[in-house]
Amino acid sequence: MVDLINLVQTLTSPHPLDRYLELVRPTLTVRDMRAEITHVRRSAPGSVTFTLRPTRHWQGHVAGQYVQIGVVIDGVRHTRCYSPVNPEGGRDRHIELTVKAHPDGLVSQYLYRHAAPGMVVDLAPADGVFRLPESRPRRVLLISGGSGITPVLSMLRTLAAEDHSGEVVFLHYAKSPAVLPHRAELDAIAARHPNFRIELRYPHRMPDLAPRADSGAPWVDLARPKGSGYFDYDELERVAPWFADAQTFVCGPPSLMDAVRTVYQAEQLEDRLHSEEFTLSVAPVDAADAHGTVSFSASGVSADNTGATLLEQAESAGLTPEYGCRMGICFSCTAVRRSGCTRNLRTGETDTDPDQPIQLCISAPVGDVDIDI
């Protein structure tokens, strides 16, 4: 069968067979994986939740992992990474995604405005090391903020679906109750599982707003809990006094991630902390690095080094290299550095080994550099 497919691919050159099949039906593919949106709801301001029905290639996800979604906007294909919020191991093979429309997010804004049943998107297999271990920990602490709720919500829903008997605390920070997606789902989980505690924090709410009247679920849902309402050691002790004996999973904005890491480092518990970042925290760029010439040898194009990322400099030079997340997660923009020195903007480290693959979106040239694009 593989040989037959390869033969057909050769006969249909220069375009892949899937390019012809998609003219018949967008989800009819041989090699490429796609998914069709079947349900859409916008239950929280500024975000959209939709269900995807993937093609036969889909092998499922592990709670906490992400998938790449590809859409065509104004004739250009863009990909971004989003974490499924549904539990792992579902029998229906569907994927549920919640996407927050970020102000400068091209893809997130497009999906928020245009996602509708029948829309077909590109889909990549689930990936990522941020995941629940196969042997479930006896105690689990889940911490999230803003759109970082998605991977840890999948973990929470997975543990709930498995009737996990251990202690579970879910601590989430949001700007207000109105923007919190999946509130009904959280209510139901808290009501069904007395060993699960769900604690919500709204640090930005006005202090004169009263806490939400509750229907009996085991909530701690406060506008201003004791302390500042932000994460610190005292907050951790309040919500999970057993945290030193737990596995902790955190995803959220850099300020929350840094606060959690600071506490765990001080307690020498880094090995019990697992994190996922969907924002790019970059090392400061030294102005002294912005000199020389960046050569894109495969295209015969050269430009003065401005100090920006290689992806940005390539685009400024009129090139269109492939990219996805633009934050070093998806590896779509990997290219070979033929010569020269580049700095990894996530770690600040430099590298000069020739003929090495690098990620354009998180690499900046230091002096003269030759990139094979």
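Since every read-out is calculated from the coordinates, none of them should be taken as a lab result. Note that this is a predicted model, so its numbers are computed, not measured. Neighbour counts are summed over all protein chains in view; Cβ atoms, including those assigned to glycine, are modelled from backbone coordinates with ideal geometry.
Structural remarks
- Across all directions, the shadow cast by the convex hull of region 246-373 built on its C-alpha atoms averages 8.6 square nanometres.
- Measuring max minus min along each principal axis, the C-alpha atoms of region 109-195 give extents of 41, 32, 21 Å (largest first).
- Once the C-beta distance of Arg192 and Ser135 is scaled by a Förster radius of 22 Å, the resulting FRET efficiency is 0.40 to the nearest 0.05.
- The residues packed around Thr158, meaning those with a beta-carbon under 13 Å from its beta-carbon, carry a net charge of -3 if Lys and Arg are +1 and Asp and Glu are -1.
- Distance between the 7 Å Cα→Cβ label points at His94 and His39: 0.4 nm.
- With contacts taken as Cα pairs under 8 Å at a separation of at least 6 residues, region 36-114 carries a relative contact order of 30 percent.
- Between Asp163 and Asp353, the simple spin-label model (points 7 angstrom out along Cα→Cβ) gives 5.1 nm.
- Ordering of 63-69, 318-324 by packing [mean C-beta count within 10 Å, highest first]: 63-69, 318-324
- In region 272-373, Cα pairs under 8 Å separated by at least six residues give a relative contact order of 35 percent.
- For region 249-264, the Karplus equation 6.51 cos²θ - 1.76 cosθ + 1.60, evaluated at θ = phi - 60°, returns couplings of 10, 9, 8, x, x, x, 4, 5, 4, 5, 5, 5, 4, 4, 5, 5 Hz by residue, with Gly and Pro reported as x.
- With both labels modelled 7 Å from their Cα along Cα-to-Cβ, the Ala287 to Arg238 distance reads 4.4 nm.
- In region 40-154, the alpha-carbon atoms span a convex hull of 121 Å³ per residue.
- Protection proxy ranking, highest mean first, for peptides 49-61, 259-271, 110-122: 49-61, 110-122, 259-271, where packing is the per-residue count of other beta-carbon atoms within 10 Å, averaged.
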